[in-house]
Amino acid sequence: MNRVVVGAQWGDEGKAKITDILAQDADLIIRYQGGCNAGHTVVANNTTYKFHLIPSGILYKNKICLIGPGTVILPEYFEKELNELLSQGVDVSGLRVSPLASITMPYHTEVDGYSEDNASKGKIGTTKKGIGPTYTDKMARIGLKIQDLYSEETLNEKLDIILPLKNKQLTEVYGLAPYSKDKILELCKKYAEIFKPYVWFDWQKNLENAKEQGSSVLFEGAQGVMLDVDYGTYPFVTSSNPIGGGACTGSGFGPKMIDEVIGVAKAYVTRVGEGPFVTELDNEIGKKIQSIGHEFGVTTGRPRRCGWFDAVTMRYAVLVGGLTSVALTKVDVFDTFDEIKVCYAYRDKRNGKIYDAYPTDVFMHKYLEPVYETHKGWGVNVSGIRSYEKLPENCKKYLTRLEELIGAPISIVSVGPDREQTIFKVS
Ligand code: IMP
């Protein structure tokens with residue numbers, strides 16, 4: 001069984017926990033896009049582990065965890081994350097890094113920081129981890145890949161092309177200092193050492209074997225469908241493809257090799273950074289969700305914006321994300337709520353026009369307001385419940401209604417951060 005786990009909202013949906021559980025059945029776990037902009041928390045055996053780039057499946061023994069070709073890697077951050085896991089006693093012998101993954105260079109983070117700090121208009125609210133600039137260079141064909149670190153000749157040839165362009169851009173566009181070739185070569189030497197034990201040079205043979213032997217693969221997405229560079233709230237998006245389809249381009253596996261795409265969504269919605277968010281609650285209810293749900297970023301520590309569940313974007317995520325089912329997380333956050341709202345359409349404040357399909361021109365979202373239906377809360381602590389049947393009736397009604405609205409079954413319900421606090425709905 002080959003499965004993809006995709007964020008179905010604006011990231012931070014609790015993918016890490018779902019990935020961690022599904023990783024038990026997988027032989028190979030592949031992170032297929034993004035970089036250390038992601039922040040994943042996994043609680044296992046009373047210990048909290050924080051992941052940014054390394055697949056959380058590393059917590060299991062005898063699994064290969066690959067940082068895939070579609071990712072971008074900030075070497076210093078990779079090293080930091082690795083050392084943190086090692087200090088927690090995690091065995092990282094299954095960790096592999098694709099030689100085709102892209103490297104985030106210091107000038108990428110500088111440009112990301114500069115662009116964010118100096119944007120009077122059009123600020124994206126990025127994580128400043130150089131994600132956008134690294135993918136920009138990859139697409140412009142002036143990026144460095146992990147494999148380049150191990151060939152002096154390639155590195156020299158590439159840098160002779162890249163550096164004059166890069167330095168012109170750094171100095172003339174951004175007013176930043178240029179880089180000498182010696183400095184970059186020195187950095188690359190250091191990076192080569194950091195990655196050396198993990199680079200999967202013989203990946204082709206290994207992937208062929210995995211395919212032939214029918215190994216189970218889990219594809220781990222980062223961010224979420226609404227942050228996808230093609231389908232999300234562009235330009236307030238990340239620079240990669242978190243959608244289900246991204247698993248193919250970012251891993252080297254074909255579409256026919258994927259059996260399931262599980263979209264992870266919260267029972268409400270959160271967003272960090274700028275960009276439209278129609279169901280955002282800038283009030284006490286939003287603060288209550290933020291406080292009960294501990295909605296603060298793992299990577300940046302920023303408080304997350306919170307709002308009611310948005311079935312309009314979720315239906316869209318099911319469509320373009322290729323979701324075959326949904327894992328709904330943080331359902332327990334609503335235990336003390338008398339009423340729970342769900343947005344099933346948008347209304348244009350200017351003319352009353354109703355949208356039940358997601359309007360993709362996000363610059364028009366300022367004119368939209370959510371149209372809600374209200375559900376009764378369940379007033380029971382569900383965090384100890386382990387079977388779907390035992391959930392309170394109002395909770396089940398709420399879940400059934402969500403399934404109708406989004407057009408996909410809810411296969412997993414998460415009622416707390418721990419691995420055990422997970423309910424599998426058998427249909
Ligand atoms: P970037 O990925 O750092 O370029 O940031 C682009 C947008 O994606 C910003 O709004 C970030 O806050 C958002 N973003 C990036 N990674 C994550 C994540 O893992 N969770 C939630 N939002 C994210």
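The values are calculated or read from the model by the stated rules, or taken from the named source; none is laboratory data. Source: prediction; values computed, not measured. For neighbour counting, all protein chains shown are included, and Cβ atoms are generated from backbone atoms with ideal geometry for every residue, glycine included. These area figures cover heavy atoms from the full protein model, side chains too; ligands, DNA and RNA do not enter into them. Shrake-Rupley method; radii C 1.70, N 1.55, O 1.52, S 1.80 Å.
Here's the yes/no breakdown for (1) in a helix (DSSP H, G or I); (2) at pLDDT below 95; (3) out of contact with any Cys (no Cβ under 9 Å at 6 or more places or on another chain); (4) surrounded by fewer than 18 Cβ atoms within 10 Å (Cβ to Cβ):
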residue	(1), (2), (3), (4)
Leu66	no, no, yes, no
Pro69	no, no, yes, no
Glu79	yes, no, yes, yes
Glu84	yes, no, yes, yes
Val92	no, no, no, yes
Leu100	no, no, yes, yes
Tyr107	yes, no, yes, no
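A quick yes/no check of all residues on (1) near the ligand (Cβ under 9 Å from one of its atoms); (2) on the phi < 0 side of the Ramachandran plot; (3) not in a strand (DSSP E or B):
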| residue | (1), (2), (3) |
| --- | --- |
| Val6 | no, yes, no |
| Trp10 | yes, yes, yes |
| Glu13 | yes, yes, yes |
| Leu22 | no, yes, yes |
| Ala26 | no, yes, yes |
| Val42 | no, yes, no |
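In the condition set (1) over 16 Å from the mean Cα position of the chain (by Cα); (2) within 15 Å of the ligand (Cβ to nearest atom); (3) basic (Lys, Arg), Lys266 is compliant with all but (1). Residue-level analysis places Ile131 outside the set of residues that are closer than 22 Å to Thr171 by Cβ, at pLDDT 95 or above, of a type outside the set (Gly, Ala, Ser) and not assigned by TED's automatic domain parsing to the domain that holds Asn37. For Cys188, which of the numbered conditions (1) more than 24 Å from the chain's Cα centre (by Cα); (2) without any contact (Cβ under 8 Å) to a residue 24 or more places away in the chain fails to hold? With respect to (1) more than 24 Å from the chain's Cα centre (by Cα); (2) without any contact (Cβ under 8 Å) to a residue 24 or more places away in the chain, Cys188 is out only on (2). So, of the residues in segment 341-388 that are within 26 Å of the chain's Cα centre (by Cα) and hydrophobic (A, V, I, L, M, F, W, C), which turns out to be farthest from Val42 (Cα to Cα)? Going through the qualifying residues, I end up with Met364. Scanning segment 109-134 for residues that are hydroxyl-bearing (Ser, Thr, Tyr), open to solvent by 20 Å² or more (accessible area, probe 1.4 Å) and within 16 Å of the ligand (Cβ to nearest atom) gives Thr109, Tyr114, Ser115, Thr126, Thr127. Evaluate the following for Asn37: is it in a loop (DSSP other than H, G, I, E, B), within 16 Å of the ligand (Cβ to nearest atom) and modelled with pLDDT under 95? Judged against the criteria, Asn37 is a match.
Say whether the condition of being within 16 Å of the ligand (Cβ to nearest atom) and either at pLDDT 95 or above or in contact with a helix residue (DSSP H, G or I) (Cβ under 8 Å, 6 or more places away or on another chain) (or both) is met by at least one residue in segment 324-345. Yes, the conditions are met somewhere in segment 324-345. Just one residue in the set Asp310, Asp282 is among the acidic types (Asp, Glu) and either touching a Phe, Trp or Tyr at 6+ places or on another chain (Cβ under 8 Å) or touching a residue at least 60 places away in the same chain (Cβ under 8 Å) (or both); that residue is Asp310. When Gln9, Gln33 are checked against the criterion of being assigned by TED's automatic domain parsing to the domain that holds Ser216 and either free of Cβ contacts under 8 Å to residues at least 12 places away in the same chain or farther than 18 Å from Gly252 by Cα (or both), Gln9 stands alone in meeting it. Evaluating His52 against the criteria (1) modelled with pLDDT under 90; (2) within 13 Å of the ligand (Cβ to nearest atom); (3) open to solvent by 10 Å² or more (accessible area, probe 1.4 Å) leaves one unmet condition, (1). Here segment 212-254 is the region considered, the condition is being more than 10 Å from the ligand (Cβ to nearest atom), outside any helix (DSSP H, G or I) and hydroxyl-bearing (Ser, Thr, Tyr), and the residue that is least open to solvent (accessible area, probe 1.4 Å) is Ser251.
Comparison of Glu373, Glu403, Glu339, Glu369 shows that the only residue that is loosely packed, with under 12 Cβ neighbours inside 10 Å and either among the charged types (D, E, K, R) or under 19 Å from Gly307 (Cβ atoms) (or both) is Glu339.
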